[in-house]
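Colleague: Would you mind keeping the following structure in view while I ask a few things?
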Amino acid sequence: LFAFAGPGLAAVLVLAFVHLPSFGHAHEIVGLVVNGVELAQRQATDMVTALNFDLRAFDTLGEEFILFASVAGVALILRQLRDESETTLEEELERHRFARASDALRMFSLALVPLLVAFGGYVVIHGQLTPGGGFQGGVVLAAGVLAVLLAGRYLALRVLAPRLGLEAAEALGAASYGLIGLGGLLFGSAFFDNFLPLGQAGHLLSAGTMPLNSLAVGIEVAAAFLLTWTEFLDQALLVHRDREP
Amino acid sequence: VSALQAIGLVLVAAGGGAVVFTREPLRQALVLGVYGLSLTFLFFTFQAPDVALSEIVISAVGLPLIVLAALRKISAHEREREDERQR
């Protein structure tokens, strides 16, 4: 069957590729419009963020809730079953020293935590100015907190980022993103209308609702990733099946 | 296509093959992380720093961590079963 379909596919692909613009010379009309509109009318300098949080903010709302729903799914599947129980914290501290990590690794990871968190925060806040934005910064933030794990302190991580707090932060981020959209409906003309003062391009507080959107998404993404990771690590490190009597 | 971009493309092609041809899951998770780094390099040379930034965290930390946790859970599960059989 493949002998029949293969050449056909190849022929169609060749036909399609022949008509592609040559490398580096594609100047699509949409790209030109975005480059023109966003700087002049929205005072944003990072076009990717401008696209995500302004021109197609509604699509980002969809993506936001895809992430939200999938993390909820992970949490649901990895819940504690009836015949499972979690090792208590004290017991775990006694028995389990996560990884026989060398002192150098521990020190380095601990030193990495503030750097990563600061960088993540920077990327989130400067979303509309420099490359990055809510999603990218949120992931870096989550990784920063996770570096505590590499330092061999999984339980410290659990204390630092309690389950309930993560869930609340995730919900808060998702909800505030939606609410900013509603704000556009209330104060502007349409859902996700950019209703805040635009300020001046290059300033920290510019481009209207974009920094707010970026912040909301950053919080949601960071919490979502930490939640997923801790769910998995809980399963791997703490949860075990009760022995049958 | 500049030299850096060409290097990136070759790296990604080789890395993708390496991931597929690594049979052992544990090793595969680590190779996948390295492959993600080459993808990051590719995105960066093609002027997409936004994508590169998220790719580097997802591929180097996010995905391998989940795979490793799952592998550990599975091996613990199998050990448990082995114990039960012996009793």
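The values are calculated or read from the model by the stated rules, or taken from the named source; none is laboratory data. The model shown is predicted, which means the values in this text are computed figures rather than measured ones. Here Cβ is always computed from backbone atoms with ideal geometry, including for glycine, and neighbour counts include all displayed protein chains. Surface areas here come from the heavy atoms of the whole protein model, side chains and all, with no ligands, DNA or RNA. Shrake-Rupley method; radii C 1.70, N 1.55, O 1.52, S 1.80 Å.
Colleague: Summing both sides, how much accessible area is buried between B and A? Use a 1.4 Å probe and give Å² to the nearest 100.
Modeller: 2100
Colleague: Positive end of the charge dipole of chain B (Lys, Arg +1 and Asp, Glu -1 on Cβ, about the Cα centre): tell me which of B:ALA52, B:GLY62, B:VAL19 has its Cα farthest that way.
Modeller: Highest projection toward the positive end goes to B:VAL19.
Colleague: Please report the accessible area of A:SER70 (heavy atoms, 1.4 Å probe, ligands and nucleic acids excluded) in Å², nearest 10.
Modeller: 60
Colleague: In segment B:56-78, what residues drop by 30 Å² or more of accessible area when the other protein chains are put back, versus the chain on its own? Use 1.4 Å, and skip ligands and nucleic acids.
Modeller: Listed in order, they are B:VAL57, B:ILE58, B:VAL61, B:LEU65, B:ILE66, B:ALA69, B:ARG72, B:LYS73.
Colleague: Shifting gears a bit: Below 8 Å, C-alpha to C-alpha, sequence gap of six or more: please give me the relative contact order for chain B in percent.
Modeller: Relative contact order, chain B: 27 percent.
Colleague: Report the FRET efficiency, 1/(1 + (r/R0)^6), for A:LEU9 and B:VAL10, where r is their Cβ-Cβ distance and R0 is 25 Å, rounded to 0.05.
Modeller: 0.50
Colleague: If you don't mind, another one. Divide by every residue of chain B the summed helix terms, -39500 (n - 2.57) for each DSSP H run of at least 4, and state the resulting mean residue ellipticity at 222 nm, rounded to the nearest 500 deg cm²/dmol.
Modeller: It comes out at -28500 deg cm²/dmol, rounded to the nearest 500.
Colleague: Something else: Quick check for you: with a 1.4 Å probe and neighbouring chains kept, what is the accessible area per residue of chain B, in Å²?
Modeller: Ligands and nucleic acids excluded, the figure is 63 Å² per residue.
Colleague: Report, as an integer, the average count of C-beta atoms from other chains found within 10 Å of each Cβ along A:46-56.
Modeller: 1
Colleague: Would you mind giving the mean number of other chain beta-carbons within 10 Å of the Cβ of each residue in A:139-147, as a whole number?
Modeller: 3
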